[in-house]
Amino acid sequence: MEVNQARLMAELERLSSFSEVPAPAVTRVVFTPTDLQARAYLKSLCEGFTIREDAVGNTFIRWVGAEPDLPAVGTGSHIDAIPNAGRYDGTVGVLGGLEAMRALREGGFKPRRSIELVLFTSEEPTRFGIGCLGSRFLAGSLNASDGDRLKDANQATLNQVRVAAGFAGPLEDVPLKPGYYHAFAELHIEQGPLLDMRGVPLGVVTAIAAPASLRITIEGEGGHAGAVLMPGRHDAFLGAAEISLALEAAAKSSGAIDTVATTGICNVFPGAVNSIPSRVELSVDARDIDIERRDGMLNSLAAACDQVAAARGLRITREVLNADAPAVCSPMVIEALERACGLQKFDRMVSRAYHDSLFISRVAPTAMLFIPCRAGVSHRPDEYSSPEDITRGVEVLAKALSYLAEA
Ligand code: GLV
Ligand code: MN
Ligand code: MN
């Protein structure tokens with residue numbers, strides 16, 4: 001079996017051209033024209049495999065095995081990209097998964113179980129405020145009623161947007177039937193610095209951290225930036241600043257390096273230099289590998305909101321968009337990945353980023369394979385993984401898929 005590095009790198013390059021911003025940055029938001037063009041490009045590469053799309057746009061590219069009724073072996077990731085991202089997050093697991101299947105096929109391998117590549121819809125929360133949309137539906141963590149509940153910034157519902165994008169079927173049909181996958185393995189760049197720092201080319205993921213995200217709305221009193229005196233102010237932005245600092249303090253004081261928190265969105269209204277902010281909308285992201293510590297941080301955040309509201313005379317509301325449990329990876333899939341690493345060095349590690357595997361692990365034995373990315377940089381245009389590291393990851397993935405497809 002030989003991975004075709006030139007083919008794969010050319011496809012990664014081409015996929016990165018479907019973007020709303022100039023290279024090297026990539027922005028590709030779910031169900032926009034660039035996302036649909038990228039999906040069409042991927043499907044154009046899948047000759048000889050069967051293609052199925054579900055009602056939320058998850059796309060399944062299947063290599064039918066000798067015993068097609070057996071639970072399949074899955075692999076895959078996402079191709080959507082947050083604003084001003086790089087080209088490797090998710091795409092390495094999609095095009096790399098496809099390359100693994102093609103390399104096995106070209107090498108004469110005949111799978112017993114079917115092997116299936118999945119393009120998951122909207123792993124990123126950019127449009128609908130919640131990440132892993134497609135894999136949540138597959139795992140039954142979102143259900144059909146969420147199609148009308150979830151809205152984008154223009155108040156268009158997921159149902160309206162997906163139907164306009166050509167995915168019109170009933171959401172009730174999306175959840176995977178029990179036993180659909182025998183095993184699932186996702187290839188992904190690490191998005192952290194450990195492999196690169198240690199010079200270790202491969203990481204086998206044993207657990208995925210628990211993410212939570214909240215929208216916090218702070219309402220105060222607007223007014224003239226010159227005329228309203230300081231003692232009489234109820235500045236919504238200053239409340240937001242205090243809350244963000246309290247969240248940082250909660251993350252830093254948890255006692256564990258695995259606790260992290262970020263205020264990634266801060267919309268200030270009316271947004272004029274000479275007007276006191278009357279309303280602020282924050283979006284915050286809090287994660288930990290330990291769910292009790294993660295929830296402890298959310299409790300501190302709630303207390304900070306109450307305290308700031310009282311001290312500054314503000315109205316503060318919190319909406320939890322998601323608060324998910326961590327995943328423990330499957331020993332069977334870990335074992336297949338480690339066996340596939342052969343004599344090459346690998347580390348066992350946790351994933352601090354979330355992935356579609358977090359949700360697929362709820363319905364199938366799942367693990368992940370990480371490859372290094374330069375200096376751990378991700379969600380930035382200068383995200384980079386070398387062709388050699390990507391190829392190595394695809395080789396290991398292909399071997400692991402072949403072992404799992406025979407079992
Ligand atoms: C995925 O992109 C994450 O934010 O972990
Ligand atoms: Mn990402
Ligand atoms: Mn990703």
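Which is the longest part of the chain that has none of the GluC sites (Glu not before Pro) sitting in a DSSP loop with at most 13 other Cβ atoms within 10 Å?
On the way: sites that count: Glu2, Glu47.
The longest such stretch corresponds to 48-407.
Could you size up the charge dipole of the stretch 125-256 around its Cα centre, putting +1 on the beta carbon of Lys and Arg and -1 on that of Asp and Glu, and report it in debye to the nearest 20? Display every interim value, and only then the final one.
On the way: 10 positive and 13 negative charges, 37 e Å.
The calculation lands at about 180 debye.
Regarding the stretch 1-107, what is the average projected area of its C-alpha convex hull, in nm²? Working shown, then result.
Details: hull surface 28.3 nm².
So the Cα hull casts an average projection of 7.1 nm².
For Lys177, Lys399, what's the largest-to-smallest order of accessible area, 1.4 Å probe?
Numbers: Lys177 135, Lys399 80 Å².
Largest accessible area first, the residues go Lys177, Lys399.
Taking the chain as a Gaussian network, Cα atoms linked when under 10 Å apart, which of Asp306, Asp196, Asp356 shows the biggest mean-square fluctuation?
Highest fluctuation among the options: Asp306.
Can you pull the accessible area of Arg215 for me, 1.4 Å probe, Å² to the nearest 10?
That residue has around 90 Å² of solvent-accessible surface.
In nm, to one decimal, how far is the modelled label at Val328 from the one at Ser44, with both set 7 Å along Cα→Cβ?
4.6 nm
Distance from the Cα centre of the stretch 215-287 to that of the stretch 346-363, in angstrom?
With the stretch 215-287 and the stretch 346-363 each reduced to a Cα centre, they are spaced 32 Å.
Rank these residues by their accessible area, most exposed first, probe 1.4 Å: Arg39, Arg380, Arg315, Arg87. Can you show the working numbers first?
On the way: Arg39 10, Arg380 115, Arg315 145, Arg87 60 Å².
Correct descending sequence by accessible area is Arg315, Arg380, Arg87, Arg39.
Can you give me the orientation-averaged projected area of the convex hull built on the Cα atoms of the stretch 210-323, in nm²? Mind dumping the intermediate values first?
On the way: hull surface 26.8 nm².
Seen from a random direction, the Cα hull of the stretch 210-323 projects 6.7 nm² on average.
Output needed: percent of Cα pairs per 20 Å distance bin for the chain, bins running from 0 to the one holding the longest distance.
Taking all Cα pairs of the chain, the binned fractions are 27, 55, 17, 2 percent.
For Ala23 and Ala6, compute 0.36 nm times the residue count separating them, minus their Cα-Cα distance, and round to one decimal in nm.
Working: separation 17, 0.36 × 17 = 6.12 nm, distance 2.00 nm.
4.1 nm is the gain from fully extending Ala23 to Ala6.
Quick one: Cα centre-to-centre distance for the stretch 105-169 and the stretch 6-49, in angstrom?
Cα centroid of the stretch 105-169 versus Cα centroid of the stretch 6-49: 17 Å apart.
With both partners inside the chain, how many of the DSSP beta bridges are antiparallel, as a percent to the nearest 5? The partial results should precede the final answer.
On the way: 47 of 69 bridges.
The answer is about 70 percent antiparallel.
With a 1.4 Å probe and all protein chains kept in place, how do Leu343, Leu401 rank by accessible area, largest first?
Values: Leu343 180, Leu401 0 Å².
Reading off the accessible areas and sorting them downward yields Leu343, Leu401.
Sequence-distant or interchain residues sharing an amide H contact under 5 Å with His234, placed H: which?
Close amide H contacts, sequence-distant or interchain: Glu221.
Placing unit charges on C-beta atoms (Lys and Arg positive, Asp and Glu negative, everything else neutral), compute the dipole magnitude of the chain about its Cα centre in debye, rounded to 20.
On the way: 39 positive and 50 negative charges, 25 e Å.
Once rounded to the nearest 20, the dipole reads 120 debye.
Go through the stretch 338-388 and name the trypsin sites (Lys or Arg not before Pro) that are in a DSSP coil and have 11 or fewer other Cβ atoms within 10 Å of their Cβ. Before the final figure, lay out each step's value.
Values: sites: Arg339, Lys345, Arg348, Arg352, Arg362, Arg374; in loops: Lys345, Arg352, Arg362.
Filter output for the stretch 338-388: Lys345.
The values are calculated or read from the model by the stated rules, or taken from the named source; none is laboratory data. Everything numeric here is computed off the predicted structure, so don't read it as measured data. We place every Cβ from the backbone using ideal geometry, glycine too, and count neighbours over all the protein chains shown. Surface areas here come from the heavy atoms of the whole protein model, side chains and all, with no ligands, DNA or RNA. Shrake-Rupley method; radii C 1.70, N 1.55, O 1.52, S 1.80 Å.
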